Amino acid sequence: MRQALARKAAPRTRISRAMSYPAPVKGWNERDSLADMRPDHAIVLNNFFPKASYCEIRGGNSSHATGTTGNIKTLAVHNGMSGTNKMFAYTDSGIYDVTSAGAVGASVLSRTNGKHQWTMFGDGTSNWLIAVNGMDKPAYYDGSTWTAVDGATSPALTGLTTTSIISLFEFKGRLIFLEKDSLSFWYLAAGAAGGALTKFDMSGVAKKGGYLMAGATWTFDGGSGPDDRAVFVTSEGEVIIYAGTNPSSSTSWALTGVFDLGKPLGRRCMQKVAGDLVVITENGAYPLSSALQSAIVDNRIALTNIIEKAFTSAARSYGSQWGWEAIVYPAQSAMIFNIPIAEDGTHQQYVMNTITKAWCRFTDWNAETFAVFNGQLYFSRGTAVYKAWSGTSDTGNNIIAYGKTAFSYFKDMGSEKRFSMFRPVLSANGSLSFLTDIDVDFGDTEIAGEATYTAISGGQWDVSNWDEAYWAAGMEVLKEWTSPDEDVGRCAAGKIKIATNSLIVQWLSCDWIYETGGQL
């Protein structure tokens, strides 16, 4: 009996495919596994700020005020009743007026410690800037005169040694002061900037002990009103909440809850965001409106949930460092969390888009503290103040932006692929050079080479020759294919590094060309 010959299989033909994904507009992701991350997320997003439809290289910084004696630890803003606003820098030597650009003048008030907490308070006659640090007498400024306040000054604070006041806030027209190393707060009469202080002891409420770290007003509806709450955070992570108007009256002051949220990071651990209050803890940054809805704190409701591993790692490593704080910068729809890796040294910022809730990381500013003054962001570094998120360079130096997309299987997990071409689609207002590469199968390698940039000298109107000089352009879309060094794997992530000191650059999308092989 004859047996039929087996037919030899034809060789599999490689098929070239193209795929496009958006830029990582959903931001930096330090929570999800590399194999299960959405393509519009990023494994790394440094100095790219994610907006709704693209990622843009952050603004730069420029020198604003210089020459304080001692490093600046606090920036505070006084908003005058006449509309004239001023900004002040606090050091271990004194307080300096840094409203105007240039070299600062003499100290306006002597200090021995620059680490202050501050608030604005109006008593109907003056708008007061009040700052305290638990060592010096409270610094009061009414728009013209500085006063180190004690029991004999005008205004005066009596009933408590004023050098023991370490934090403060305004609640329903009443100043509340926190005593250092204590579970007591002290309060004034409503509408008064000075006078006799009355003590309110919370040691019977704070079951874990410790001391009061910070306090703030929690506004439910975005505006001041009768539903506002006074919130106190202890060093052991208990959040104590009171409702009412007068701590002296049992009928108009009531405890509404005590919650365990996690130990706070520093004295500046609370930040108002629209109608909510965010508390920065070792477990993440929590909006109270969501965090206190049950007896068990759910990490998924933290603003920092998607960067949880990075945030909690930083908290464990640098939680004892001075400089943890958050600030909202409305002009860029950004909330900035300052991460103090080393006091008077390296700092990073974890930055969230307040509209999309997408995250990124800023490097190279090394900002000690922030303030928003006349709608513009400022920070301090050493003995100088810098205007931030402004211009296209860091005091003339390149801004180096680096991004790495999520890994993608390109809708085919089983097939091996050879990635022949990769291109990030960019938009820029001038000629741009940049570096790209890819990682395959969850590899993590640095882009070979350094991102360098040399600005092209622009032409001058009525001086330079037409059709010879370089003229600044509007935003143009740049699409340049590159061949990656590593090109075979089942999944891949794209990388881009840009260095520029004069251009606005937006990352729009990523394009891929690859060939599929056999099933593995």
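The values are calculated or read from the model by the stated rules, or taken from the named source; none is laboratory data. Every value quoted in this text rests on a predicted model; they were computed, and no experiment measured them. Here the Cβ positions follow ideal geometry from the backbone for every residue, glycine too, while neighbour counts run over all protein chains shown.
Which residue is farthest from residue 272 (Cα to Cα), if the candidates are limited to the range 358-383 and must be part of a loop (DSSP other than H, G, I, E, B) and free of Cβ contacts under 8 Å to residues at least 60 places away in the same chain? It would help to see each step written out before you state the result.
Kept after step one, since they are part of a loop (DSSP other than H, G, I, E, B), are these residues of the range 358-383: 358, 363-368, 374-375, 382-383.
Filter once more, keeping what is free of Cβ contacts under 8 Å to residues at least 60 places away in the same chain: 366-367, 375.
On the way: 366: 24, 367: 21, 375: 16 Å.
Taking the candidates together, the pick is 366.
Would you tally the residues in the range 19-34 being surrounded by fewer than 13 Cβ atoms within 10 Å (Cβ to Cβ) and either part of a loop (DSSP other than H, G, I, E, B) or modelled with pLDDT under 95 (or both)? Reasoning before the result, please.
As a first pass, look at the range 19-34 and keep what is surrounded by fewer than 13 Cβ atoms within 10 Å (Cβ to Cβ): 20, 33.
So of that shortlist, the ones also either part of a loop (DSSP other than H, G, I, E, B) or modelled with pLDDT under 95 (or both) come out as 33.
Residues meeting the conditions: 1.
Taking residue 189, is it assigned to a loop (DSSP other than H, G, I, E, B), within 27 Å of residue 234 (Cβ to Cβ) and without any contact (Cβ under 8 Å) to a residue 24 or more places away in the chain?
Numbers: assigned to a loop (DSSP other than H, G, I, E, B): yes; within 27 Å of residue 234 (Cβ to Cβ): yes; without any contact (Cβ under 8 Å) to a residue 24 or more places away in the chain: yes.
Yes.
Would you mind stating whether residue 185 is of a type in the set (Phe, Trp, Tyr) and closer than 30 Å to residue 380 by Cα? Please lay out each step first, then the result.
Working: of a type in the set (Phe, Trp, Tyr): yes; closer than 30 Å to residue 380 by Cα: no.
Taking the combined requirement at face value, the residue does not satisfy it.
Collect the residues in the range 150-167 that are surrounded by fewer than 22 Cβ atoms within 10 Å (Cβ to Cβ), of a type in the set (A, V, I, L, M, F, W, C) and within 23 Å of residue 201 (Cα to Cα), keeping them in residue-number order. Walk me through it before giving the result.
Looking only at the range 150-167, we keep the residues that are surrounded by fewer than 22 Cβ atoms within 10 Å (Cβ to Cβ), and these are 150-156, 158-164.
Remaining after also requiring of a type in the set (A, V, I, L, M, F, W, C): 152, 156, 160.
The answer is 156, 160.
Restricting attention to the range 54-77, does a residue exist that is more than 24 Å from residue 365 (Cβ to Cβ), out of contact with any Lys or Arg (no Cβ under 7 Å at 6 or more places or on another chain) and not β-branched (Val, Ile, Thr)? If you could, list the steps in order and put the result at the bottom.
Filtering the range 54-77 down to residues more than 24 Å from residue 365 (Cβ to Cβ) leaves none.
No; the residues of the range 54-77 include none that is more than 24 Å from residue 365 (Cβ to Cβ), out of contact with any Lys or Arg (no Cβ under 7 Å at 6 or more places or on another chain) and not β-branched (Val, Ile, Thr).
Which one of the conditions (1) modelled with pLDDT of 80 or more; (2) more than 29 Å from the chain's Cα centre (by Cα); (3) more than 22 Å from residue 46 (Cβ to Cβ) does residue 475 fail to meet, given that it meets all the rest?
Of everything listed in (1) modelled with pLDDT of 80 or more; (2) more than 29 Å from the chain's Cα centre (by Cα); (3) more than 22 Å from residue 46 (Cβ to Cβ), residue 475 misses just condition (2).
Taking the criterion of being of a type in the set (D, E, K, R) and more than 26 Å from the chain's Cα centre (by Cα), would at least one residue in the range 204-221 satisfy it? So that I can check it myself, show each step before the final result.
Just the residues of the range 204-221 that are of a type in the set (D, E, K, R), to begin with: 207-208, 221.
So of that shortlist, the ones also more than 26 Å from the chain's Cα centre (by Cα) come out as 207-208.
Within the range 204-221, one or more residues are of a type in the set (D, E, K, R) and more than 26 Å from the chain's Cα centre (by Cα).
Which strands (runs of 3 or more DSSP E) sit wholly inside the range 48-132 and have at least 3 residues that are under 30 Å from residue 172 (Cβ atoms) and at pLDDT 95 or above? So that I can check it myself, show each step before the final result.
Values: elements: 48-50, 55-57, 61-66, 74-79, 85-90, 94-97, 117-122, 127-132.
Once the strands (runs of 3 or more DSSP E) in the range 48-132 are filtered for at least 3 residues that are under 30 Å from residue 172 (Cβ atoms) and at pLDDT 95 or above, what remains is 74-79, 85-90, 117-122, 127-132.
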